[in-house]
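Enquirer: Let me give you the structure first, and then I'll get to my questions.
The values are calculated or read from the model by the stated rules, or taken from the named source; none is laboratory data. Only a predicted model underlies this, so the values are computations on that prediction, with no experimental measurement involved. Virtual Cβ from ideal backbone geometry, glycine too; neighbours counted across all protein chains shown.
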């Protein structure tokens with residue numbers, strides 16, 4: 001590969017481009033919601049802000065068992081991510097925690113059924129038909145977030161990707177989920193004027209708060225002052241007491257168990273993004289030297305496929321089918337024989353030509369050295385008189401040793417009608 005100087009020059013140009021023009025290639029714009037990562041859609045800023053509270057914070061990585069230890073004073077449970085995978089025990093622990101007067105803030109695209117049935121009521125949750133969705137969405141790049149509890153204050157939020165505006169899904173709750181008035185569920189915020197995306201759900205002595213657009217609590221929005229105010233206003237619902245940050249529910253239980261057993265594996269958080277589903281590749285993308293080596297390897301493979309992976313086998317020449325020249329050969333030989341005065345030989349060549357004609361035209365089996373078939377008229381469908389004249393001439397030829405030129409012409413005239421139908 002390196003013996004080709006233009007190819008090597010092109011490869012080094014690609015390396016330079018990747019080095020100088022891809023400074024942001026290892027910034028992951030996937031919505032991973034990692035509490036210890038500083039990518040735009042991770043939650044490092046939020047986690048650090050909550051940990052700086054005077055009451056401190058508790059990081060739960062394995063289970064929600066720490067919630068049951070909070071017996072004396074209320075606390076705050078916080079989950080920010082795509083989806084919370086609660087098992088039955090986790091739902092019980094979370095409900096007991098809030099029932100004793102604590103607060104649970106969940107920013108996710110949806111709630112698991114086991115928890116949603118308790119908070120919205122079974123009648124409301126199961127009242128939808130199969131073709132109705134409990135959580136709806138609209139694609140928008142500019143979102144008007146309205147907080148009803150803050151005197152209907154409007155916050156202009158922007159969906160972005162790679163620092164550019166991008167139309168993305170903005171989720172909101174189907175209003176039918178709030179059909180049970182006895183539960184005192186309350187709408188606190190909307191996306192636009194009517195789409196409910198922030199609700200308060202009382203439970204015992206405490207409160208659940210559900211926000212359906214967790215992306216607005218990630219690093220990108222918390223370091224931007226105008227948009228930071230929205231997250232600050234929403235999170236004002238947290239009460240005094242420590243914050244219990246939930247990392248245990250970010251993975252499905254089966255994946256979490258496998259990850260704990262193998263000390264690794266794929267970090268699946270509900271999305272289909274390749275980087276968010278592959279920890280090794282995600283780590284490579286986050287390290288500039290490793291990312292540069294990764295892109296260099298990809299460039300080298302692409303160049304190899306383009307320049308060295310071509311077909312090297314010599315093109316197979318097209319063989320032209322040889323033309324059937326048997327008739328031409330017979331005509332040539334006939335002229336030569338006639339010039340030498342060997343009329344019997346010339347008549348024999350004509351009989352051979354006639355045998356080939358009958359074989360190809362009428363499929364008559366007439367082998368060399370044998371007399372012609374007696375039923376030739378029946379096989380060819382020609383006039384019996386013409387056929388009998390030709391057969392007689394052929395029979396006379398077989399008895400002669402020499403022929404004059406006049407006799408040769410008479411022979412030709414006798415068999416020539418066999419060529420014309």
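Enquirer: When you go through 135, 143 one by one, which is the residue that is surrounded by 20 or more Cβ atoms within 10 Å (Cβ to Cβ), at pLDDT 90 or above, in contact with a strand residue (DSSP E or B) (Cβ under 7 Å, 6 or more places away or on another chain) and in the same structural domain as residue 213 (by TED's automatic domain parsing)?
Expert: Numbers: 135 fails: surrounded by 20 or more Cβ atoms within 10 Å (Cβ to Cβ).
It is 143.
Enquirer: Among the candidates 184, 197, 213, single out the residue that is in the same structural domain as residue 127 (by TED's automatic domain parsing), touching a strand residue (DSSP E or B) at 6+ places or on another chain (Cβ under 9 Å), at pLDDT 90 or above and surrounded by fewer than 14 Cβ atoms within 10 Å (Cβ to Cβ).
Expert: Working: 197 fails: surrounded by fewer than 14 Cβ atoms within 10 Å (Cβ to Cβ); 213 fails: surrounded by fewer than 14 Cβ atoms within 10 Å (Cβ to Cβ).
Sole residue among the options that is in the same structural domain as residue 127 (by TED's automatic domain parsing), touching a strand residue (DSSP E or B) at 6+ places or on another chain (Cβ under 9 Å), at pLDDT 90 or above and surrounded by fewer than 14 Cβ atoms within 10 Å (Cβ to Cβ): 184.
Enquirer: OK, next. So which residues in region 97-109 are at negative phi and either outside any helix (DSSP H, G or I) or outside the structural domain of residue 211 (by TED's automatic domain parsing) (or both)? Explain how you work it out, then say what you get.
Expert: Narrowing region 97-109 to residues at negative phi: 97-100, 102-109.
Those that are at negative phi and either outside any helix (DSSP H, G or I) or outside the structural domain of residue 211 (by TED's automatic domain parsing) (or both): 100, 102, 103, 104, 105, 106, 107, 108, 109.
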